[in-house]
1. Ranked from highest to lowest mean number of other Cβ atoms within 10 Å per residue, what is the order of the peptides 314-327, 296-309?
2. Where does each of 187-194, 338-345, 78-85 land if you order them by average Cβ count within 10 Å, highest first?
3. Return the whole-Å distance between the Cα centroid of the range 335-404 and the Cα centroid of the range 176-250.
4. Please give the peptides 99-111, 386-398 ranked by average Cβ packing (other Cβ atoms within 10 Å per residue), highest first, as a rough proxy for protection.
5. Normalised by the number of residues in the range 59-316, what is the relative contact order in percent for Cα pairs under 8 Å and 6+ residues apart?
6. For the chain, what are the DSSP H helices with axial Cα length of 18 Å or more and mean Kyte-Doolittle hydropathy of at least -0.5?
7. At 0.890 mPa s and 25 °C, plugging the Kirkwood radius over alpha-carbon pairs of the range 156-209 into Stokes-Einstein gives what diffusion coefficient in µm²/s?
8. Please give, to one decimal in nm, the separation of the simple spin-label points placed at Ala370 and Arg312, each 7 Å out from Cα toward the Cβ.
Amino acid sequence: MQPALNSGTLPVLPTPAPTQSRSVRRHDLDWLRVILFGLLIWFHLGVFTFWLFPDEEVPLSVLFVVDVMHQWRLAALFLISGMGTAFAFRRRDVKTFLNERLVRLGAPLLFATFVLLGGLFAPLETLWLILVPFPGSEGMPYAHLWFLRNLLIYSVILAPLFAHVRTNPESAPVRAARWTVDAGRGLALIIVPALLLAASALLTKPWHYGEVGMWWEFPHYLLFTLFGYLAIQTGSVWFQRIEALRWWLLATTLPLSVLWFSVKYDGPGGLMEGGWVMWGRDPFSAATTVATVLQAFHAWMWCLLVFAWGARLLNRKSRALAWLNEAVYPTYIMHFHLTFPWMFVAAILGMSWWTSTALGTPFVVVGVLACFVLFRRTAYLRPLVGLRGGRAEAEKLWPFTTTDDPGARILLHLTAHAVTGAALLVLMILAVLTGFVEI
């Protein structure tokens, strides 16, 4: 039964069923992870293709979609990462958890930075810039993989809290999370996290504009990771609450986007990006405070909206889901190596923005999935692109399943590594020729 909007009031949460087992897998989170990383490909292709056209040729509707999406897409991914961490930490101690994070996040980060992105041509400088907290967008040797770097740092920062909650399931953070979900029929769930995000931004935004997870964005995404972790500690109640709010969120979040967009482009410049002190404005004023609070509510309510409808529509198994979920890391790591060559082709052919994105999106998607298929079959390269397992996992796949002969399987392993290595070499050459990687 769908909760009514009740003339703008928040819906009453139905009496909850017995709390689900904490081992129950949330398929909606897997689907959202796949969808959000899929949108990442379209987003990057679309945004970077803006470079090919004068500003007046970019449709306002496209700017609206891209700008609004940018406010919540990454936040939602960090929220999912926090939720995934909550599930993973239940079966691990701190040492095991951090070791797995180093392998799962650190190995792909180092491989992509030094190999795919050319860091080996300046290894000491690259290593130094990896260790510098905020090197600036022009100095990041890991490029788009800042997401992995931030997530690895967040794991280290939050690990003591995770360990405390694991041994004290009724600790203050968990009780606070449950109160936030329960209080005011969901009103607290909307207001409290948004105010925490706003408070963080008000303290950090004035001094430097946000850059891909740095400066004020660093604590911003850290909070989203923490919120995701605490949401899972409430059991099934969080999902029941946001699903009950889904129509109310739909009715209020979309108009809020129009307001946010109008303030972003018609209001005083720099209020959404931050760093207004650098341009001579006072660090704290009514205008900056209102804009910052508006942005925090906008991002948080969009996350609630996406997760609410995901809980309603996507919490179901699919044969394709496990395969697509496994493909997320490799496709994320390598998608720029196909995005920039496509932009090069689009510029040569003089494509419009619409044609470039319409044809380029499936081109990049098919290309990165082909790379995933190759890496999936390489026993010793799998961990370098975030895939779990080694030889045993690779041999579960075709063509290894066609033979049990040890000699034939060794030949297949050599062939898989050779083909994948050749594909990597082609991608790296294309990245250099099209200017994505500078050596």
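1. The peptides rank, most packed first, as 296-309, 314-327.
2. In descending order of packing, they fall as 78-85, 338-345, 187-194.
3. After rounding, the separation between the Cα centres reads 34 Å.
4. Descending mean neighbour count gives 99-111, 386-398.
5. So the answer I get is 28 percent.
6. 27-49, 60-89, 146-167, 187-204, 217-233, 246-266, 286-313, 319-334, 336-349, 353-376, 406-433
7. Roughly 188 µm²/s, to the nearest whole number.
8. Result for the modelled spin labels: 4.0 nm.
Every number in this text was worked out from the coordinates using simple rules, so none of it is lab data. No experiment lies behind these values; they were computed from the predicted model shown. All Cβ positions, glycine included, derive from the backbone under ideal geometry; neighbour counts span all protein chains shown.
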